[in-house]
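Single-structure report; data block below.
The values are calculated or read from the model by the stated rules, or taken from the named source; none is laboratory data. Keep in mind that this is a model prediction, so the values were computed, not measured. Here Cβ is always computed from backbone atoms with ideal geometry, including for glycine, and neighbour counts include all displayed protein chains.
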Amino acid sequence: MPNEITPLPAASRPERSVLSSCMQDDAESFIDLAVDAGITPKHFSVPAHGDLFRTLQSFRADGRQVEMVDLTESLKDRGLLENMGGRAEILSIFSESPTSAHFDHHLQIVKTKYLQRRMISLASQGVSEAYSAEPAEAADKLQDLIDELTSLRDSSDSDKNILTNKELLSLCIDDMAKRLGGEENNIIPTPWSGLNRHLGGGLGVGEITILAARPSKGKTAFAMNIMEKAVVDDTPSLMISLESSELRLGYRMAAQTSGVNLRSLVKEKPTKMELQDFQSMVGKMREKPFFIRKIHNGKASDITSCIRTAVRDHGVKLVAIDYLQRIQPANSAESANVRLRLDNALSALCPLADQLGIALLILVQLNREAEGVSADQLNQSMLKETSQIEQDADVIMMLGDAFNHEGEGTEGEDDYKKPITCMIPKNRDGATSYARLLFHGATTKFSMFHSPSPFEPSK
């Protein structure tokens with residue numbers, strides 16, 4: 001290893017060549033080509049070059065021809081001309097007059113050198129974190145840096161990722177052969193056949209499903225029902241709770257699986273028969289692949305780290321997060337802006353579905369507009385404090401009261417039952433629809449709801 005500090009990769013001459021092309025008579029087309037290639041001011045190793053490119057972009061945005069007099073005056077007015085070396089340096093760049101044949105080549109050099117500098121910077125940050133932070137915190141930050149490095153790698157290989165139609169069809173055929181042959185299952189069924197029909201079989205691996213409802217409308221119970229089904233089917237599943245304790249969720253799972261009244265398990269003495277049912281359930285479920293993590297005051301980085309560990313160590317395929325609004329801010333800016341906090345959390349979590357090959361179920365609390373309305377009146381504007389959900393989610397489900405409130409019981413009764421409607425206002429690979437369910441309060445279990453009377457949403 002050399003004793004001298006190795007200079008960062010730079011591309012001064014290719015940068016000058018690119019800028020010169022963008023200053024010629026046909027500048028408009030060259031500026032557009034550069035922007036289409038992903039070039040931004042930050043891609044230039046010489047700060048003055050980045051400032052000049054930004055100015056040329058502003059000329060293009062305003063529909064102005066790039067004239068030397070106008071350009072130098074604009075740079076002067078913005079206090080940039082002197083830093084660039086004055087009029088002489090601008091004229092020198094302009095006079096290079098490169099050929100269009102070299103433009104793409106020089107663009108690629110500029111991009112490559114920028115990516116190298118960025119990777120070096122991220123690697124240096126990683127070393128610094130390893131020295132200064134606590135091991136657990138450093139590991140989380142290093143994972144974030146690795147994710148960014150992976151993103152940079154993918155962007156540098158973007159041209160190589162273009163598929164021909166032949167390659168695309170071969171990919172589809174291979175995927176179908178795996179699924180039909182039972183080699184790969186990319187669907188995790190829910191416990192309800194009616195809902196599965198709307199969802200194309202269940203929750204998709206690599207997809208993000210949002211489950212939204214007002215407080216006490218059954219979000220957690222609904223998610224736990226899905227988890228129970230997956231676990232019984234031997235699908236490794238992880239519940240990340242930001243609210244309920246592990247013990248509370250454990251009892252819910254026990255009640256759902258055994259059919260024993262939750263109150264008997266938690267607050268009262270179970271009958272001899274209930275105890276037998278509970279013990280039978282324990283014998284069947286003890287070795288099933290269910291994992292739970294209670295994260296106190298959890299940040300998005302804590303959750304992503306937990307998910308990565310569970311996938312790596314336990315092969316987890318289904319992850320539920322209960323719930324989005326409980327995720328804590330990562331910095332002061334997020335503390336002051338709830339929307340920023342939640343959008344950033346989604347931006348960190350959602351890529352994991354595809355990256356890790358998991359079905360990601362994120363619980364979300366609806367805003368007060370959803371209070372007291374029936375399910376057919378629920379809509380995506382009621383998603384609380386974030387606009388990112390509609391963009392990132394593959395499926396959005398909303399739980400609400402049945403359209404006509406038929407069959408409603410009394411919460412204090414042991415046999416309490418209540419019809420619930422699951423609306424599906426977004427379904428990327430299917431139609432929007434709804435499913436009718438019946439909530440059994442005694443065991444916190446949902447079943448398909450059937451009645452002899454028509455049950456349609458209001459128009």
- Query: How many residues, within region 216-262, are among the basic types (Lys, Arg), out of contact with any helix residue (DSSP H, G or I) (no Cβ under 9 Å at 6 or more places or on another chain) and farther than 25 Å from Asn367 by Cβ?
  - Reply: 1
- Out of (1) assigned to a helix (DSSP H, G or I); (2) surrounded by fewer than 17 Cβ atoms within 10 Å (Cβ to Cβ), what's the single condition that is false for Asp302? (2)
- Task: Mind telling me which of the residues Ala213, Ala230, Ala221 ends up being assigned by TED's automatic domain parsing to the domain that holds Met281, more than 21 Å from Val311 (Cβ to Cβ), buried (at least 21 other Cβ atoms within 10 Å of the Cβ) and at pLDDT 85 or above?
- Result: Ala221
- Item | Restricting region 30-47 to residues that are assigned to a helix (DSSP H, G or I) and over 15 Å from His102 (Cβ atoms), the residue that is modelled with the lowest pLDDT | Asp36
- Message: I'd like to verify a number: residues in region 344-357 that are of a type outside the set (A, V, I, L, M), farther than 16 Å from Cys306 by Cβ and crowded, with 19+ Cβ neighbours inside 10 Å, how many?
- Response: 1
- Item | Filtered residues of region 429-440 (kept if touching a residue at least 40 places away in the same chain (Cβ under 8 Å) and under 16 Å from Glu390 (Cα atoms)) | Asp429, Gly430, Ala431
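Only one residue in Glu184, Glu167 is touching a helix residue (DSSP H, G or I) at 6+ places or on another chain (Cβ under 6 Å), among the charged types (D, E, K, R), more than 23 Å from Leu349 (Cβ to Cβ) and modelled with pLDDT under 70, so which one is that?
Answer to the check: Glu184.
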- Message: When you scan region 48-62, do you find a residue that is at pLDDT below 85 and not in a helix (DSSP H, G or I), even just one?
- Response: yes
- Message: Out of everything in region 110-139 that is out of contact with any Ser or Thr (no Cβ under 8 Å at 6 or more places or on another chain) and of a type in the set (Ser, Thr, Tyr), what residue ends up being surrounded by the fewest Cβ atoms within 10 Å (Cβ to Cβ)?
- Response: Tyr131
- When (1) surrounded by fewer than 17 Cβ atoms within 10 Å (Cβ to Cβ); (2) over 30 Å from Ile303 (Cα atoms); (3) among the aliphatic types (A, V, I, L, M); (4) touching a residue at least 12 places away in the same chain (Cβ under 8 Å) are applied to Leu107, the one that fails is (1)
- Task: Note down all Cβ pairs under 9 Å where the first residue falls in region 121-137 and is of a type outside the set (D, E, K, R), the second is at pLDDT below 80 and outside any helix (DSSP H, G or I), and they're at least six residues apart or on different chains.
- Result: Ser121/Leu8
- Note on the structure: Of the residues in region 397-428 that are hydrophobic (A, V, I, L, M, F, W, C) and in contact with a Leu (Cβ under 8 Å, 6 or more places away or on another chain), the one that is modelled with the lowest pLDDT is Ile420
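Of the residues that make up region 250-259, is at least one in contact with an Asp or Glu (Cβ under 8 Å, 6 or more places away or on another chain) and in a loop (DSSP other than H, G, I, E, B)?
yes
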- Among the residues of region 296-330, which ones are within 16 Å of the chain's Cα centre (by Cα), hydroxyl-bearing (Ser, Thr, Tyr) and at pLDDT 85 or above? Thr304
- Could you run through region 290-315 and say how many residues are out of contact with any strand residue (DSSP E or B) (no Cβ under 7 Å at 6 or more places or on another chain) and at negative phi? 11
- Task: Kindly indicate whether Val319 is within 23 Å of Arg214 (Cα to Cα) and surrounded by 17 or more Cβ atoms within 10 Å (Cβ to Cβ).
- Result: yes
